[in-house]
Structure formats: C-alpha cells, structure tokens
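Asks: Dumping the structure here so I can ask a few things about it.
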Amino acid sequence: MRYFIDLRDIEDKRQLHEKLTAALPLPPWYGRNLDALYDVFTDPSFPGGEDPSNEILFLHTEEAAKRMPAYMRALQQLCLEAASERDDLDIEFED
C-alpha cells in the first residue's frame with residue numbers, strides 16, 4: 001500500500017499529526033506525538049491489510065521544514081529508524 005502525505009500547508013506539529021491521522025490507518029491509541037508515531041511505525045500489525053509492503057511518501061517536506069525545522073528533523077530521524085527495523089516499510093521525503 002502507498003500512502004501520500006502532503007505537508008505543503010503544515011504550520012505546526014498539531015496540524016502535522018492531524019494530517020497523519022487523516023492519511024494513515026493509525027490505531028485508536030495513537031497519541032499524536034512522535035513517540036506514538038514511532039510505536040505505530042514499528043508495530044508489525046501496521047498498517048494491516050493484504051499488501052506485504054508499505055510505502056509512506058511525505059511530499060513538500062522542504063516547506064514544512066522551513067516552518068518547523070527541529071520537528072521535521074526529528075520526524076525524518078524517527079522514520080529512518082522505524083523503516084530500518086522493518087523490511088516491509090519504506091518511508092521517503094520529497095521536497
């Protein structure tokens with residue numbers, strides 16, 4: 001399954017987590033923070049379904065990084081670490 005998350009209009013971390021909640025099949029326990037996101041991404045049951053491979057593509061990341069550079073760096077690091085733990089998860093960031 002492929003998931004696209006457009007960060008073009010993201011101004012803060014609250015909006016980022018709202019966008020993630022809308023775009024991804026996140027569980028009810030998702031806490032709308034980076035620790036919870038890491039827990040979701042490394043959970044073998046995420047995202048579920050029949051497709052054995054999953055790709056998450058973040059779009060317009062450069063724009064979001066200008067508005068919240070530290071949080072975007074933390075998000076990218078989290079995604080890199082989570083994807084390295086799973087063979088069935090690929091996460092990419094495009095400018």
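The values are calculated or read from the model by the stated rules, or taken from the named source; none is laboratory data. Worth saying up front: this structure is predicted, and the values here are computed from it rather than measured. Please note: Cβ atoms are built from the backbone with ideal geometry, for glycine as well, and neighbour counts cover all protein chains shown.
Asks: Out of Asp90, Asp39, which single residue is surrounded by 15 or more Cβ atoms within 10 Å (Cβ to Cβ), of a type outside the set (A, V, I, L, M, F, W, C) and under 13 Å from the mean Cα position of the chain (by Cα)?
Replies: Asp39
Asks: Given the structure, is Leu89 at pLDDT 95 or above and under 20 Å from Asp6 (Cα atoms)?
Replies: Taking the combined requirement at face value, the residue does not satisfy it.
Asks: Answer with yes or no whether Leu16 is surrounded by 15 or more Cβ atoms within 10 Å (Cβ to Cβ) and either hydroxyl-bearing (Ser, Thr, Tyr) or touching a Leu at 6+ places or on another chain (Cβ under 8 Å) (or both).
Replies: For Leu16, the condition - surrounded by 15 or more Cβ atoms within 10 Å (Cβ to Cβ) and either hydroxyl-bearing (Ser, Thr, Tyr) or touching a Leu at 6+ places or on another chain (Cβ under 8 Å) (or both) - is met.
Asks: Now, a different point. Are any of the residues in the stretch 79-86 surrounded by 13 or more Cβ atoms within 10 Å (Cβ to Cβ), more than 16 Å from Glu11 (Cα to Cα), basic (Lys, Arg) and without any contact (Cβ under 8 Å) to a residue 60 or more places away in the chain?
Replies: For the stretch 79-86, residues surrounded by 13 or more Cβ atoms within 10 Å (Cβ to Cβ), more than 16 Å from Glu11 (Cα to Cα), basic (Lys, Arg) and without any contact (Cβ under 8 Å) to a residue 60 or more places away in the chain: present.
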